[in-house]
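Asker: Sending over a structure as structure tokens; questions will come in a sec.
The values are calculated or read from the model by the stated rules, or taken from the named source; none is laboratory data. Just so it is clear, the model here is predicted, and its values are computed rather than measured. Neighbour counts run over all protein chains shown; Cβ positions are idealised from the backbone, glycine included. Please note that ligands, DNA and RNA were not included when accessible areas were found on the heavy atoms of the full protein model with its side chains. Shrake-Rupley method; radii C 1.70, N 1.55, O 1.52, S 1.80 Å.
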Amino acid sequence: MADPAAFLEALVPPIRFAARDGFAGLRRLAGFGKMLQEAVAGARRAGAPDSAALRGLLGEGERFDALPLAERQRALLRVSALLAALVPVPEEIAELARRARTPTPKGKPGPAPTPAPGEGPPRRARVEGPPATPARTPTASRRDTAPPPAPSAAWEDRSPPHPAVPEPPLLPEARTPAERAARRARLVTRLAEVPGLHPAPRGLLEERGYLTVQDALGFWPKAWQDRSRPAPIAGLKAGEEGTALGQVTHVRSARMRSGKPILRLGLQDPSGRLELVFFNPAPWRMRQYAAGDTLLASGKVSEGFGGKPQMSQPEVEKVQPGDSASFGRIVPFYPGPSDWQHPALRKLMKRLCDEFAPQAVEDLPAAVRERRGLVPVGQALRHVHFPPAGTDLLLAAGRGTPAFRRLVFEELFFLQLALALRRRGLRRDPGIAFEVTPERMAAALAPLPFTLTRAQMKAIEQIAADMARPEPMNRLLQGDVGSGKTAVAFAAAMLAVQAGWQAAIMAPTELLAEQHARTLRGWLAGRGVEVALVAAQARGKEQREAREAVAAGRARIAVGTHALLEQAVAFEKLGLVVVDEQHRFGVLQRAQLMAKGVRPDVLVMTATPIPRTLALAFYGDLDQTTISELPPGRTPVETKVFGESQRARALELLRKQIEAGRQAYVVYPLVAESEKTDLADATSGAAELAQALAPHAVGLLHGQMKPEEKERVMGRFRSGDLAVLVATTVIEVGVDVPNATVMAVEHAERFGLSQLHQLRGRVGRGAARSHCLLLAHFGRAGQDARERLRVLARTQDGFEIARADLRLRGPGELLGTRQSGQQLLELADLYRDEAILEEAREEAFALAEADPGLARPENAAAREALAGRWSGRLSLAQVG
């Protein structure tokens, strides 16, 4: 007969696959519930005795495949615990079992997961939440994951957990506008006006910009610690992090040989003693403690004199009788304050959670909350700060608890609702219905001196269909570096020109605007269509004439930079707005250009591919087109990272390319030498390279040069007169010299990932093999910088690079909104919360379709929230 264990052990590989990289494989785990049921059936056929754990596994299997993605992670932890109780499992599955906190499903009376063999009572580990720019998969420090040591045989902790602290009841939902207005007014009370708040922690919040009660409730904890059950001092183990609760037995201060003070505290509980050591303590700490005080100490345990356990420089907190904010429960830790400030801040936050969180208005429609299984907002706010007993702290650290899920959903829902209403409103507004015929399409493409790719033709067809409709076009065109977006934009501009309208193309740099103008003039030579280059007004007569040509309508296509936004720049009949490299412009700048026409069609373009979640979250009101292939003749660029000791190898590769008749770019982060930093600069670099690469000519290009001078240098490089162009990131976009085969970037660790990808895109434009040399100074580089360079060396896929950039830097950099000072997302992480984004988008777009004016009574709170609390942040997403 088969071994019953073999059927159950077959579950290990799929669990391991699903849990890898922070449960990244869970989305792709299909049919696991059925697999669980078959494993239990096979084990029973092979003679496995009936047990609660086996019944629990069967119950999990019956419901697993129907669970939403957010619930499957918790279910997988429960399955791991049940499996570990039945058969031996590898360490990573045992770790999942230790993380399980939820009992088996109702109706399947399996026991709660038990600790692994030899594991003692749980230590009150503090579990860290995400960093300021949250990573996709939160990880726990060693104190989070290491199993606690077995307690001393002399004393075993049998004390019951402290009784759960009762929570104030939630208020009934506010039904009338007056009730909602009154509650909203209470929440925006300034902290300074709340009677009885301790001035010190209040000052900490106000210094960080948290001025009102509502602001303060959004000061999210960075970590939590479970203080609901004491752990024995005897269970602490040298070399590991630990937490102990006990009474002070002695307070001794002395001087070290250096003359600096040292403070020693004795801490005792029924199981043993612990020495706390503070080197060079502040004077206040010397007076803070007395024998008989109850302290909670956290830190790394070491072996002290006589083999006794000790902690050096621990975090210490006095525990007061009846302190429901800092003891007897799971307690929060907040970013910034020192350990001695935490108790006072925690008490302040506890008071706000008890008195004001119940006042929070339910802005989400009740039907949405019910369909998505969302907890009340007041409960969510309270439980984010003070989680209830039994909360999985690792889940809290990953912002995956029901409380966090509610608040993340709400944030994404209102973002999507704003986009849905805008999209619907735009389609109702009257726009320009351009006449698009096969003859006009052929005439628009005729000037192009090359054959378009299938992807380019598909993009043009989609844009032409939009332009032919009476409502305004709002389309995002994205494609990797060199995919041919300029040709697509040109075709759209020509359709507008043939219909009697003007087109404006806005580029982020004068260099790119000049190149666009030069390219378009070349394509239109002899065809009677004037292209005006609108640059800075200070450029004199030439610019005055360009502006006059645009205003009079003689120039049918205007190409420029921010100069197009100047009040003095007017159009005779603006019908199409094209914004190139859209992430380089603020949202209001794009709106300014659109205002120079009457509901013109808008095409925004980016060569920085936008990950799907980011596109849904912030461009959900735009139709989207992707150019998914490169024109023929583009060659992959070989990318290598060179450390400081390998610079000579990089320079030799560059020299060989030049001697073979090729050209090279060398990019520096600074224009000139600075006393504030030791970064290499372009001016000094050009002089050194001119000497090292003689007799080959080296040129210098940067943003501080006059436009005429920049154009002269670029002309020499284009013509081949210069072998090497030393530059700053002014050449990041738009420069096209097919003979250039080397892009060398000095201090590559200082550049963003998408920026490096753009720079790399300047080469590989001809048939010759090209190289990107990333010269890094790793002594100065952090982990994020190293990861950026690894990603760039590994792939040339712009979408993969953009997804990595989103994970490393967040959405603000990619959207061009960092300049506004407005944080786009406070809680949601587009990398982590993709499933919630999908749900929120589905609900928001359905609501906009069913009640576009949000006029129904059940949607009144959502309408008020959209116009009030959410309006500032949502404006960032409202201009394509």
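Asker: Can you tell me which of Leu421, Leu415 is part of a helix (DSSP H, G or I), open to solvent by less than 20 Å² (accessible area, probe 1.4 Å) and aliphatic (A, V, I, L, M)?
Answerer: Testing whether each residue is part of a helix (DSSP H, G or I), open to solvent by less than 20 Å² (accessible area, probe 1.4 Å) and aliphatic (A, V, I, L, M) leaves just Leu415.
Asker: If I filter region 88-98 down to residues being in contact (Cβ under 8 Å) with a residue 60 or more places away in the chain and surrounded by 19 or more Cβ atoms within 10 Å (Cβ to Cβ), which single residue comes out as farthest from Glu834 (Cα to Cα)?
Answerer: Ranking the qualifying residues of region 88-98, first place goes to Val89.
Asker: Quick test for you: out of Leu407, Leu381, pick the one residue that is at pLDDT 95 or above, under 21 Å from Leu187 (Cα atoms) and within 18 Å of the chain's Cα centre (by Cα).
Answerer: Sole residue among the options that is at pLDDT 95 or above, under 21 Å from Leu187 (Cα atoms) and within 18 Å of the chain's Cα centre (by Cα): Leu407.
Asker: Restricting the first residue to region 388-410 and requiring it to be farther than 17 Å from Arg72 by Cβ and of a type in the set (D, E, K, R), which pairs with a second residue that is in a loop (DSSP other than H, G, I, E, B) and at pLDDT 90 or above meet a Cβ separation below 9 Å and a spacing of at least six or different chains?
Answerer: From residues that are farther than 17 Å from Arg72 by Cβ and of a type in the set (D, E, K, R), the pairs are Arg406/Leu364; Arg406/Leu374; Arg406/Val375; Arg406/Pro376; Glu410/Asp363; Glu410/Leu364; Glu410/Leu374.
Asker: Could you grab the pairs with beta carbons closer than 8 Å, sequence gap of 6+ or different chains, first residue in region 858-871 and within 16 Å of Leu415 (Cβ to Cβ), second one open to solvent by less than 50 Å² (accessible area, probe 1.4 Å) and among the β-branched types (Val, Ile, Thr)?
Answerer: Ala865/Val361
Asker: Within region 289-316, which residues are without any contact (Cβ under 8 Å) to a residue 40 or more places away in the chain and open to solvent by 40 Å² or more (accessible area, probe 1.4 Å)?
Answerer: Phe305, Gly306, Gly307, Lys308, Ser312, Gln313, Glu315
Asker: Across region 690-712, which residue is farthest from Leu654 (Cα to Cα) among those that are more than 39 Å from the chain's Cα centre (by Cα) and in a helix (DSSP H, G or I)?
Answerer: Looking at the filtered set, the residue picked out is Glu708.
Asker: So which of Glu471, Glu435 ends up being of a type in the set (D, E, K, R), part of a loop (DSSP other than H, G, I, E, B) and in contact with a Gly (Cβ under 6 Å, 6 or more places away or on another chain)?
Answerer: Being of a type in the set (D, E, K, R), part of a loop (DSSP other than H, G, I, E, B) and in contact with a Gly (Cβ under 6 Å, 6 or more places away or on another chain) holds for just one of Glu471, Glu435, which is Glu471.
Asker: Oh, and also: Would you call Gly761 modelled with pLDDT under 90 and open to solvent by less than 20 Å² (accessible area, probe 1.4 Å)?
Answerer: Judged against the criteria, Gly761 is a match.
Asker: Tell me yes or no: at least one residue of region 236-252 is open to solvent by less than 60 Å² (accessible area, probe 1.4 Å) and part of a helix (DSSP H, G or I).
Answerer: Looking for residues that are open to solvent by less than 60 Å² (accessible area, probe 1.4 Å) and part of a helix (DSSP H, G or I), one finds none in region 236-252, hence no.
Residue-by-condition table, conditions (1) at pLDDT 95 or above; (2) more than 27 Å from Ala591 (Cα to Cα):
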| site | (1), (2) |
| --- | --- |
| Pro449 | no, yes |
| Arg469 | no, no |
| Ala496 | yes, no |
| Trp501 | yes, no |
| Pro508 | no, no |
| Thr519 | no, no |
| Ala525 | no, yes |
| Ala536 | no, no |
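Asker: List every residue pair whose Cβ atoms lie under 9 Å apart, where the two residues are 6 or more positions apart in sequence or sit on different chains, the first residue falls within region 448-459 and is more than 20 Å from Leu520 (Cβ to Cβ), and the second residue, located anywhere, is charged (D, E, K, R).
Answerer: That search, which allows pairs on different chains as well, returns Arg454/Glu629; Ala455/Glu629.
Asker: Now, a different point. Residues Leu187, Leu171: which one is of a type in the set (A, V, I, L, M), open to solvent by 30 Å² or more (accessible area, probe 1.4 Å), in contact (Cβ under 8 Å) with a residue 60 or more places away in the chain and touching a helix residue (DSSP H, G or I) at 6+ places or on another chain (Cβ under 6 Å)?
Answerer: The conditions single out Leu171.
Asker: Could you check region 60-80 and list, in sequence order, the residues that are crowded, with 22+ Cβ neighbours inside 10 Å and either part of a loop (DSSP other than H, G, I, E, B) or more than 32 Å from the chain's Cα centre (by Cα) (or both)?
Answerer: Within region 60-80, Glu60, Gly61 meet the criteria.
Asker: Among Ala744, Ala768, which is over 19 Å from Ala802 (Cβ atoms) and open to solvent by 10 Å² or more (accessible area, probe 1.4 Å)?
Answerer: After ruling out the rest, the residue left standing is Ala768.
Asker: If only one of Ala244, Ala231, Ala254 is under 22 Å from Pro314 (Cβ atoms), among the small types (Gly, Ala, Ser), free of Cβ contacts under 8 Å to residues at least 24 places away in the same chain and out of contact with any Gly (no Cβ under 7 Å at 6 or more places or on another chain), which one is it?
Answerer: None of the others qualify; the one that does is Ala254.
Asker: Among the residues of region 441-461, write down those that are under 23 Å from Arg599 (Cα atoms) and buried (at least 17 other Cβ atoms within 10 Å of the Cβ).
Answerer: Within region 441-461, Met441, Ala444, Ala459, Ile460 meet the criteria.
Asker: List, please: which pairs have Cβ atoms under 9 Å, are six or more places apart or on different chains, and start with a residue in region 23-51 that is basic (Lys, Arg) and end with one that is outside any helix (DSSP H, G or I) and surrounded by 15 or more Cβ atoms within 10 Å (Cβ to Cβ)?
Answerer: Note: pairs meeting the criteria are Lys34/Asp65.
Asker: On the given criteria, is Arg786 more than 30 Å from Phe219 (Cβ to Cβ), at pLDDT below 90, open to solvent by 60 Å² or more (accessible area, probe 1.4 Å) and in a helix (DSSP H, G or I)?
Answerer: Yes.
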